[in-house]
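So the structure is just underneath, and the comments pick up after that.
The values are calculated or read from the model by the stated rules, or taken from the named source; none is laboratory data. Everything numeric here is computed off the predicted structure, so don't read it as measured data. With ideal geometry, Cβ positions are generated from the backbone for all residues, glycine too; neighbour counts draw on all protein chains shown. Surface areas here come from the heavy atoms of the whole protein model, side chains and all, with no ligands, DNA or RNA. Shrake-Rupley method; radii C 1.70, N 1.55, O 1.52, S 1.80 Å.
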Amino acid sequence: QVQLVESGGGLVQPGGSLRLACVISRTIVGAYAMGWYRQAPGKQRELVATITSGSGITNYADSVKGRFTISRDNAKNTVYLPMNNLKPEDTAVYSCNGKDPYRDYVTLWDWGQGTQVTVSS
C-alpha cells in the first residue's frame, strides 16, 4: 500500500511563496507520472501540475503557469511544488498522487491528508 504525505502549506500573503513536498512511501517516484492537485471549498479537485515518469516532462494548468514548478527527487521518493507569486485564488488543500499517463484524473493510490494553502492579507 502506497502512502502519500504532503507538507509545506501554510498562511501566506498575496505575492508570497511556499514550497510543498509530497513523500511517497515506496521507491517509485520515477516510475510513475505524478501530479499535484488542489481542491478549494465547494469546488472540484483541480490538477495544477504534472511530471512524467522517466524524462520528467512537466505540464501546468494555465492558472499556475510561470508561478509553480513541479519537480521530483527519486532518491528521496519526493515530489515538490514550489509556488511563487501566490494569489488568493490559489487557496486550497493541495495533494499529490500518481496518475495515469494519459488521463489526468485517473489516480493510482489513496489520497493523503493534503496540505492547506491559504493566501490572504
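What to note about this one:
- Meets criteria (among the basic types (Lys, Arg), modelled with pLDDT under 95 and open to solvent by 30 Å² or more (accessible area, probe 1.4 Å)) for ARG103: yes
- Residue list for segment 18-52, filter: of a type in the set (A, V, I, L, M, F, W, C), in contact with a strand residue (DSSP E or B) (Cβ under 8 Å, 6 or more places away or on another chain) and open to solvent by 60 Å² or more (accessible area, probe 1.4 Å): VAL23
- Segment 27-66: number of residues that are over 18 Å from TYR102 (Cα atoms), within 13 Å of the chain's Cα centre (by Cα) and charged (D, E, K, R): 1
- For SER55, the test of being in contact with a strand residue (DSSP E or B) (Cβ under 9 Å, 6 or more places away or on another chain) and small (Gly, Ala, Ser) is failed.
- The single condition among (1) open to solvent by 60 Å² or more (accessible area, probe 1.4 Å); (2) closer than 14 Å to VAL5 by Cβ that ASN97 does not satisfy is (1).
- Qualifying residues in segment 70-94 (those that are part of a loop (DSSP other than H, G, I, E, B) and open to solvent by 70 Å² or more (accessible area, probe 1.4 Å)) - the one nearest to GLN1 (Cα to Cα): ASN84
- The listed residue being polar (S, T, N, Q) and either in contact with a Lys or Arg (Cβ under 6 Å, 6 or more places away or on another chain) or modelled with pLDDT under 95 (or both), out of GLN13, GLN44, GLN3: GLN3
- Qualifying residue in segment 108-115 (condition: over 28 Å from GLN1 (Cβ atoms) and open to solvent by 60 Å² or more (accessible area, probe 1.4 Å)): no
- Residue selected from segment 1-17 under the condition out of contact with any Phe, Trp or Tyr (no Cβ under 9 Å at 6 or more places or on another chain) and among the aliphatic types (A, V, I, L, M), by the criterion least open to solvent (accessible area, probe 1.4 Å): VAL12
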